[in-house]
Amino acid sequence: MKRYEGLFILDTAGKEETIKDTIDKISTEVTTLGGKVETVQKMEKRSFMRVANKKYSSGFYVNVIFECEPSVIDQLKRRCAINEDIFRVLFTSAPTPPKVAVVA
């Protein structure tokens, strides 16, 4: 299994109360496809620098670190494209955390 980091930009246009449900759906998708979610970091709502469509002027950012097989990433991309609550998604390889030496 390989470690990945997914940056999700959620569409919050008038639906800010559904953010927690959307984050839970993302975590469920990862585990359903055989992955393991390590951390979910909720960031704040941010305005976009360039607005291509007036409907999307800002979004709620969520960073998810998880482990899965490389073939799962394509499936996650397809499922995120179908989900109307996810505006954009970016998957990158996450570095392995450093091992902490225990001194006795």
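The values are calculated or read from the model by the stated rules, or taken from the named source; none is laboratory data. All figures in this text were calculated on a predicted structure; none of them were measured in a lab. We place every Cβ from the backbone using ideal geometry, glycine too, and count neighbours over all the protein chains shown.
A few remarks follow.
- A count restricted to segment 47-104 and to residues that are free of Cβ contacts under 8 Å to residues at least 12 places away in the same chain and of a type in the set (Lys, Arg) stands at 4.
- When segment 7-27 is filtered for residues that are exposed (fewer than 14 other Cβ atoms within 10 Å of the Cβ) and in a helix (DSSP H, G or I), the ones remaining, listed by number, are 16, 17, 20, 21, 24.
- Unmet criterion (only one of (1) surrounded by 15 or more Cβ atoms within 10 Å (Cβ to Cβ); (2) in a helix (DSSP H, G or I); (3) at pLDDT below 90) for residue 73: (3)
- Contact annotation: residue pairs with Cβ atoms under 7 Å, 6 or more positions apart or on different chains, pairing a residue in segment 1-24 that is under 21 Å from residue 91 (Cβ atoms) and touching a residue at least 24 places away in the same chain (Cβ under 8 Å) with a partner that is part of a loop (DSSP other than H, G, I, E, B) and of a type in the set (Ser, Thr, Tyr), are 3/96; 11/56; 19/12.
- Condition met for residue 4 (assigned to a strand (DSSP E or B), of a type in the set (Phe, Trp, Tyr) and in contact with a Cys (Cβ under 7 Å, 6 or more places away or on another chain)): yes
- Identity of the residue in segment 76-96, part of a helix (DSSP H, G or I) and under 14 Å from the mean Cα position of the chain (by Cα), that ends up nearest to residue 44 (Cα to Cα): 80
- Residue 36 being surrounded by 11 or more Cβ atoms within 10 Å (Cβ to Cβ), closer than 18 Å to residue 4 by Cβ and basic (Lys, Arg): yes
- Restricting segment 28-70 to residues that are acidic (Asp, Glu) and part of a strand (DSSP E or B), the residue that is nearest to residue 93 (Cα to Cα): 67
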